[in-house]
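Chemist: Sharing a structure, written as structure tokens. Questions coming.
The values are calculated or read from the model by the stated rules, or taken from the named source; none is laboratory data. Remember, it's a predicted structure, so these values are computed and weren't measured experimentally. Cβ atoms come from the backbone with ideal geometry, glycine included; neighbour counts cover every protein chain shown. With ligands, DNA and RNA removed, areas are computed over all heavy atoms of the protein, side chains included. Shrake-Rupley method; radii C 1.70, N 1.55, O 1.52, S 1.80 Å.
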Amino acid sequence: EAGVAQSPRYKIIEKRQSVAFWCNPISGHATLYWYQQILGQGPKLLIQFQNNGVVDDSQLPKDRFSAERLKGVDSTLKIQPAKLEDSAVYLCASSLDWGNSDTQYFGPGTRLTVL
Amino acid sequence: AQSVAQPEDQVNVAEGNPLTVKCTYSVSGNPYLFWYVQYPNRGLQFLLKYITGDNLVKGSYGFEAEFNKSQTSFHLKKPSALVSDSALYFCAVRDGNTGFQKLVFGTGTRLLVSP
């Protein structure tokens, strides 16, 4: 079974530029998550989708971050404009269902460096 | 709100010796507990989880964890460490109350297994 796919793996941009990340979850997984992992910290949830609807985006900085999951499969996360503090690894995860006991499976992540 | 503490930034152990990586948690309801491992430049890999039932949970690669409700702990263990176990380990907790609950991660513990 193919895992969670993410691209690009690495991205370097200058502050105030925009950037987009793509995620393809495990086939059949209804729930998709985006996490931000800053160096030296654990991942922090940014947004959770159940199919193509948003379940929780309370920790998403909505003035600059946006995410969508059209058709309930692939998802994109966008940052516009980027700030230095956005430098982090952005992880996508998926789970079969949306229950709190469901296991989340993670992709390899996109490492973003903002100069 | 739920929280996780991993009191050790780093654990050093010799190959062949038993290892323990500590985790304590705080939730208002029943805890759902998870362990993940992260290798360099890779996403998080699921090791095991506790939802209910037997306090000793067995997972991937020979790892196990013991749920202790009175001590609010969920320590990760392995009887005999391998050099290839060297990685970053994350404990995570989700509140088992009804409704959506975030998966909250600790700050991680780096495990170094020496030959």
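Chemist: Suppose we keep just the DSSP beta bridges with both residues in chain B; what percent of those would be antiparallel, to 5?
Modeler: Working: 34 of 39 bridges.
Bridges in chain B are about 85 percent antiparallel.
Chemist: Working only with C-alpha atoms, what are the Rg and Dmax values of the protein assembly as shown, expressed in angstrom?
Modeler: Both quantities, over Cα of the protein assembly as shown: 17.6, 51 Å.
Chemist: Please list, short to long, the whole-number percent of alpha-carbon pairs of region B:1-101 in consecutive 5 angstrom bins beginning at zero.
Modeler: P(r) for region B:1-101, in whole percents per bin: 3, 13, 24, 25, 19, 11, 5, 2, 0.
Chemist: Go through B:His75, A:His29 and list them by solvent-accessible area, largest first, probe radius 1.4 Å.
Modeler: Numbers: B:His75 45, A:His29 25 Å².
The ordering from most to least exposed comes out as B:His75, A:His29.
Chemist: Along region A:24-41, what does the Karplus equation 6.51 cos²θ - 1.76 cosθ + 1.60 (θ = phi - 60°) give for ³J(HN,Hα), rounded to whole Hz, x for Gly and Pro?
Modeler: Couplings: 10, x, 4, 4, x, 7, 7, 10, 10, 10, 10, 10, 10, 10, 7, 3, x, 10 Hz.
Chemist: Name the residue from B:Tyr32, B:Leu112, B:Val57 whose Cα lies farthest towards the positive end of the charge dipole of the protein assembly as shown, charges +1 on Cβ of Lys and Arg and -1 on Cβ of Asp and Glu.
Modeler: B:Leu112
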